Amino acid sequence: MAVVLLRAPLSQRAGNTSDHDLPGSTVGEVLRELERRHPPIVGWILDEQGRVRPHVNVFVNGERTSEGSAVGPSDVLHVLPSISGG
Amino acid sequence: MTELLVGTKKGLFVLRGDPQVGEPFEIVTRAFPGDVVEFAMRDPRTGRYFAAHTSGFYGPRLMYTDDPTGEWTQAEGPSFPEGGDASLERIWMIRPGEADGLLYAGVAPAALFTSTDDGESWSLNEALWKEHQAGDWQPGAGGLALHSICPWPGDPLRLAVGVSAAGVWITDDGGQTWHTGFDGLVPEYVPEEAQEGTSALCVHNMHRAPTRPERLFMQFHGNVYRSDDEGSSWQEIKAGLPSGFGFPLVIDPSDADSAYVIPLVADIDRVTPDARVRVYETRDAGSTWTAHGDGLPSNEAYLTVLRQAFDSTGHGRDMQLYFGATSGDVFGSSDAGSSWFQVHERLAPVTSVRVA
């Protein structure tokens, strides 16, 4: 199982939990499983086509990735907002 | 007491006050702080409030509540069907339809969504989306947006929508088929030899006259138009205005000859002309226009008023009018525009104004 680490407000929409052990072989699969278990987070990280939103970064073991990137069973995913805005 | 829903770049402000007093309204609550609230409205049939907001990080969504000072619930949609290319960028407009529970949402990329359960869930109008995909629809500066929705009073099968920049689309069968309303619209922003037959028609705002529903008024990109044939064709009515450019437009629902616009200098300089703020009113279907500025900034005022940031309630000479600017100022009138007062100042840049 990969570990997904969330911060507020995403953690609040995922059962008020920051750490999630989730199956999946790609970033997209892992995050879809997160959505399946916590429907309030649907649409917040991935758009309706399964793409990581442009201003959200998903790091796997410290490397910035996209929805198609491979994930291993002991990998750690950090989901963070981009440094952007106005 | 009047309640205003003011969408801004930094949240939704709910303001309440008595327009007869002519003093600033109080802020009752601020919702969605930090997020852009592109549009907010209250469905008068149910009392339900809607707010379309976009997180800069986590995307757009539609929320609803019966109490804007309390908790909001996220609607199921609008969102595009999985398996395609499109994803929701922005919700521009929510509009009640002409049947119980029926609402419409106009979004970017330009599409129409329908709800039949008072806004709790939404489905894409597939027929108009196919027109979008088959056509050469081009975005305006604000994106490729369906932002104006004009139901036909009493008939849920008839509807006209305005798209920037893909013109007017009309249905007479509840959205199963659509036809265009392009005749007479002149896109002066494209070369003359390319104007004929183009769909690059940048509608900025469109409203139907309820007492004479075959009549519509339109603020276009550089012109103001009127249609007397259900939106099929359009006549220019900008003579008498300082500019044909602007974004919002409202009407007096009791007077089919009425329209109000707030002109800006031009597309290359989107501020109020002559450094003063004036609202222009017609009561003869666009033959003549009257400028109203009593109580509005009259010097060194370079305001921009966006397309959803102007609204009215009531009718006739007691009609209330409200608009907000990207300066964060909101203005109101309780006498159909003859005189104005400052509803609030120093809010965040205003994206929409609606009377609750």
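Values in this text are rule-based calculations from the coordinates and carry no lab data. What you are looking at is a predicted structure, and each value in this text was computed from that prediction instead of being measured. Virtual Cβ from ideal backbone geometry, glycine too; neighbours counted across all protein chains shown.
Need one value for B:57-64: mean number of C-beta atoms belonging to other chains within 10 Å of its residues' C-beta atoms.
Partner Cβ neighbours, averaged per residue: 5.
Listed peptides B:1-13, B:117-129 appear in the order B:1-13, B:117-129 once ranked by packing, highest mean of other Cβ atoms within 10 Å at the front. Here the Kirkwood formula, the inverse mean of 1/r across different C-alpha pairs, assigns region B:114-267 a hydrodynamic radius of 15.9 Å. Each Lys or Arg adds one and each Asp or Glu subtracts one; over the other residues with Cβ under 14 Å from the Cβ of B:GLY240, this totals +1. Within the listed set B:GLY222, B:GLY84, B:GLY240, the Gaussian network model of chain B (springs between alpha-carbon atoms below 10 Å) gives the highest mean-square fluctuation for B:GLY84.
The mean number of Cβ atoms from other chains found within 10 Å of a Cβ in peptide B:78-84 is 3, as a whole number. Which of the three applies to region A:2-81, rounded, prolate or oblate, going by the alpha-carbon gyration tensor with a ≥ b ≥ c and a/c under 1.5 meaning rounded? Rounded.
For B:GLY184, neighbours were defined as the other residues whose beta-carbon sits under 12 Å from its Cβ, and their charges (Lys and Arg +1, Asp and Glu -1) total -3. GNM remark for chain B: springs join alpha carbons under 10 Å apart, and the peak mean-square fluctuation among B:ILE149, B:ILE237, B:ILE251 falls on B:ILE237. Taking the square roots of five times each eigenvalue of the Cα gyration tensor of the protein assembly as shown, the equivalent ellipsoid has semi-axes of 39, 25, 20 Å, listed largest first. Counting, for every residue in B:197-203, the Cβ atoms of other protein chains within 10 Å of its Cβ and taking the mean gives 0. Based on alpha carbons, the Rg and Dmax found for region B:87-161 are 12.2, 35 Å.
Taking the Cβ of B:VAL224 as the center, what net charge do the other residues with Cβ under 9 Å away carry, scoring Lys and Arg +1 and Asp and Glu -1?
Overall, the nearby charge balance is +1.
Sorted from greatest to least, the principal axis extents spanned by the alpha carbons of chain B come out as 52, 50, 37 Å. The shape of region B:267-313 can be summarised by an equivalent ellipsoid whose semi-axes, obtained from the alpha carbon gyration tensor, come to 19, 14, 12 Å from longest to shortest.
Can you put B:LEU296, B:LEU146, A:LEU31 in order, fewest other beta carbons within 10 Å first?
Lowest to highest Cβ neighbour count: B:LEU296, A:LEU31, B:LEU146.
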